[in-house]
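Notes to accompany the following structure.
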Amino acid sequence: RPIVRLDHISKTFSNGTIALKDMSLTIGEGEFVSLLGPSGCGKSTALRIIAGLGEATTGRVEWPTMSHDAAGKPEREIGFVFQEPTLMPWATVFKNVWLPLRLHGLSKTAARERVMAALEMVGLEKFADSYPRELSGGMKMRVSIARALVTRPRVLLMDEPFAALDEITRQKLNDDLLRLWEQFGWTIVFVTHSVFESVYLSSRIVIMAARPGRVIDELSVDAPHPRG
Ligand code: ADP
Ligand code: ADP
């Protein structure tokens, strides 16, 4: 079942850069898709357009099964993880993860449970009262993942989330992400320029090329991991 469909998306920035040319892609529910390609091929641009953080110049993004708000945007069902953890340094881990819930109208108790559940998923429940500066890079990234998951989105969009981490931390986070995906059945779209990471993680790899950014091929991966 398709969850999101990119229909002939092109993006030209105001300085004339053609970041994406005629990209079409259908992502099915529960898929772990990576967008793989060299720097500058439009991966982030595509992800931001999927998230509604950027507008396509031409083409459409469709969410056939999602509920929409009055403005026609898919509601609260997307979690976004950026390459930089972008945590608020003055707020505790708890407060950072709670933030996306503040407009959700949950009771204090329910919001607290949600935050603690999200922190447990990423193994940081003991660090709720810590501040970002007290955490390692890997732990900060786990906090951003918890923050993206706290609204219980159906789709998790990740923009080179582990690129700034050392190899060992990165591999640990890859394993944890796979475990969570297998357990919870989200749809994940994962941007990377690492062939290894895309093969290791995803069920489908969308290969992109630059100048202009476009899709050149797709591969299904018969992963060694137990799925589902
Ligand atoms: P990737 O994520 O694959 O590295 P991007 O989507 O970030 O690629 O960028 C695609 C192209 O669009 C690049 O040439 C980049 O320099 C350009 N680009 C990205 N954002 C902007 C912007 N806001 N204004 C102008 N050009 C941009
Ligand atoms: P991870 O990828 O699991 O975050 P790290 O190398 O960042 O790996 O940390 C390994 C473990 O060391 C963490 O899971 C945590 O339990 C502990 N740790 C790291 N930094 C701190 C800290 N500042 N305070 C307490 N424990 C820490």
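The values are calculated or read from the model by the stated rules, or taken from the named source; none is laboratory data. Computed from a prediction, not measured in an experiment: that's the story for all the values here. When we count neighbours, we look across all protein chains shown, and the Cβ atoms used for this are built from the backbone with ideal geometry, even at glycine. The accessibility values were calculated without ligands, DNA or RNA, using every heavy atom of the protein model including side chains. Shrake-Rupley method; radii C 1.70, N 1.55, O 1.52, S 1.80 Å.
For a quick check of your reading of the model, give me the residue pairs whose first member lies in segment 194-212 and is over 20 Å from HIS8 (Cα atoms) and of a type in the set (Asp, Glu), whose second is open to solvent by less than 30 Å² (accessible area, probe 1.4 Å) and part of a helix (DSSP H, G or I), with beta-carbon atoms closer than 8 Å and at least 6 apart or on different chains.
From segment 194-212, the pairs are GLU197/ASN174.
Restricting attention to segment 96-108, which residues are open to solvent by 40 Å² or more (accessible area, probe 1.4 Å) and modelled with pLDDT of 95 or more?
TRP98
Please state which one of VAL221, VAL215 is free of Cβ contacts under 8 Å to residues at least 40 places away in the same chain and either surrounded by fewer than 22 Cβ atoms within 10 Å (Cβ to Cβ) or out of contact with any helix residue (DSSP H, G or I) (no Cβ under 6 Å at 6 or more places or on another chain) (or both).
Working: VAL215 fails: free of Cβ contacts under 8 Å to residues at least 40 places away in the same chain.
Going through VAL221, VAL215 in turn, the sole match is VAL221.
Answer yes or no as to whether THR26 is under 21 Å from THR192 (Cβ atoms), away from ligand 1 (no atom under 12 Å from the Cβ) and open to solvent by 50 Å² or more (accessible area, probe 1.4 Å). Show your work before the answer.
Details: under 21 Å from THR192 (Cβ atoms): yes; away from ligand 1 (no atom under 12 Å from the Cβ): yes; open to solvent by 50 Å² or more (accessible area, probe 1.4 Å): yes.
Yes, satisfied.
Name the pairs whose Cβ atoms lie under 8 Å apart, with the first residue in segment 162-181 and within 11 Å of SER136 (Cβ to Cβ), the second within 16 Å of ligand 1 (Cβ to nearest atom) and open to solvent by less than 70 Å² (accessible area, probe 1.4 Å), and 6 or more positions between them or separate chains?
Going by the 8 Å Cβ cut-off, the qualifying pairs are THR169/PHE162.
Can you pull out the residues in segment 1-20 that are within 15 Å of ligand 1 (Cβ to nearest atom) and either aliphatic (A, V, I, L, M) or surrounded by fewer than 18 Cβ atoms within 10 Å (Cβ to Cβ) (or both)? Step through it out loud before you land on a result.
So the first thing to find is which residues in segment 1-20 are within 15 Å of ligand 1 (Cβ to nearest atom), and the list is 6, 9-20.
Result: LEU6, ILE9, THR12, PHE13, SER14, ASN15, GLY16, THR17, ILE18, ALA19, LEU20.
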